[in-house]
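Q: Before we start, here is the structure in question, set down as structure tokens.
Read-outs: derived from the displayed coordinates by stated rules, not from any lab. Just so we're clear, the structure is a prediction, and the values are computed from it rather than from any experiment. Cβ sites come from the backbone with ideal geometry, for glycine too, and all protein chains shown count toward neighbours.
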Amino acid sequence: MGILSSLARFVGRGASEQKGFPLSSPEAYALFAATPAASGVSITAQTAMRVPAVRRAVSLIAESVATLPFKTYTEGKDAAKAHPSYGLVHDWANDWTSAEELRELLTADALLTGHGFAQVVRNAEGKPVELHRMDPGAVAIEYDAYSEPSYRVRLIDGRSTILAHHDVLHIQALRGVSPITLAREAVGLALAAEGHLAGFFRNGGRPSGVILHPNKLEAETSKKLAASWFQSHGGEQSGSTAILDEGMDFKEIAVKLADAEFSEVRREQVREIARAFNVPPALLYELSRGTWSNFEQSHRDFLTGTLRPWIARWQAAYSRVLLTPEERAAFYIEATPDDLLSVEFAARATAYSQYRAMGVMTANEVRSGLNLPPMAEGDALQNPFTTTGADAPAPEPEETPNE
């Protein structure tokens, strides 16, 4: 939901409900799309992308959806290249944005803000000719008494316009809520942990120990001694040999247990972010428990558990705005995930051959599963491994005994 709906929620009330709130209150954070976490870090789309695990999850999902080829088909599985929607979903969304780039942008918007929007530009005949991305912060969703959505869009000049639901390509995350909003504590802890670790290593000039002097030093003398130590053993000089005089002694201090286990805390945050985005941790390069077999299984889980819901959302959104209700009976828009299925191509081929041998699938049903058009005489349930197309031999004439 955009900033307009947030403003309406907080200032568009009756006089009896109006109340003021300071900019430090949670209402102000929600108004400006900055949700504070218990760690004290305000989580926005920009701050969340500073976490490498979040950036990897967003780019992995958005780029995978973008690279899938979407096409418009007829009911006979033939590519409907003459339909106006074919070029918009397969080639170019507009003159300066490819179809792949638009899918990547809108999917990333949905992951980071909960919603991704694109306006459908139509010609005089009402046919779609272009798709234009809209800033999610400039769009507010409104519903009528029958729950039919419309979209109020804030223009550059400050005015607003309302678009009907069939003129807006709308992609949303689960229930319209971004994963970084639901998992703001995990993202905030990851940012806080990075800040703590950066501060820990920023003081690399401080050896893990203390200098003991036999006499009590004045404050100014202690400052000079500390400055001299950091100058001699800080930065690029870190780890150099120290020479102590005046009876001073160096006492080493072991690293605290919390610092020693800090890497495990960071690994756990990667796993938490992976759960929030429904991505296998191995695909976020958290390979502490990874093996070759479960890494290959992670790719299959990513396709079935992560990508398929997003593919279904895109197929439904495309069909809703690019196909009329009458056209949906003769055309459909579908993605082809064959490239992502290449890791299990041998298993699919074995399964299809067994179904053909059992006589439970025809050749055209197999071709339909491979997203191929049917072929002539492909509806027979014959076993291709035991039957041939040759005619049966003619029976030999019976021999009659000689008289």
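Q: Arrange the peptides 369-379, 60-70 so that the one whose residues have, on average, the most other Cβ atoms within 10 Å appears first. Walk me through the numbers before you get to the answer.
A: On the way: 369-379: 12.0, 60-70: 19.4.
Listed from highest to lowest mean packing, they are 60-70, 369-379.
Q: Once amide H atoms are built 1.01 Å from N in the peptide plane, which residues 5 or more positions from Val168, or in another chain, come under 5 Å H to H?
A: Those lying under 5 Å, H to H, from Val168 are Val120.
Q: From the phi of every residue in the range 310-326, what ³J(HN,Hα) in whole Hz does the Karplus formula 6.51 cos²θ - 1.76 cosθ + 1.60 yield, where θ is phi - 60° and glycine or proline is x?
A: 5, 4, 5, 5, 5, 4, 5, 5, 4, 5, 5, 9, 9, 10, 6, x, 6
Q: For Ser98, which sequence-distant residues (separation of 5 or more, or a different chain) have an amide H within less than 5 Å of its own amide H, given hydrogens modelled in the peptide plane?
A: Here the answer is Ala93, since their amide H atoms fall under 5 Å of that of Ser98.
Q: Are there chymotrypsin sites (Phe, Trp or Tyr not before Pro) in the range 88-135 that DSSP puts in a loop and that have at most 12 other Cβ atoms within 10 Å, and which ones? It would help to have the intermediate numbers written out before the result.
A: Details: sites: Trp92, Trp96, Phe117; in loops: Trp96.
Passing sites in the range 88-135 are Trp96.
Q: Another question about this same structure. Could you give me the ³J(HN,Hα) list for the range 159-165, computed from phi with Karplus coefficients 6.51, -1.76, 1.60 and θ = phi - 60°, whole Hz, x at Gly and Pro?
A: 3J(HN,Hα) across the range 159-165, in whole Hz: 6, 9, 9, 10, 10, 6, 5.
Q: For a quick protection proxy, order the peptides 148-160, 103-115, 166-178 by their average other-Cβ count within 10 Å, most packed first. Each step should come with its number before you reach the end.
A: On the way: 148-160: 12.4, 103-115: 23.5, 166-178: 18.3.
Sorting 148-160, 103-115, 166-178 by mean packing, highest first, produces 103-115, 166-178, 148-160.
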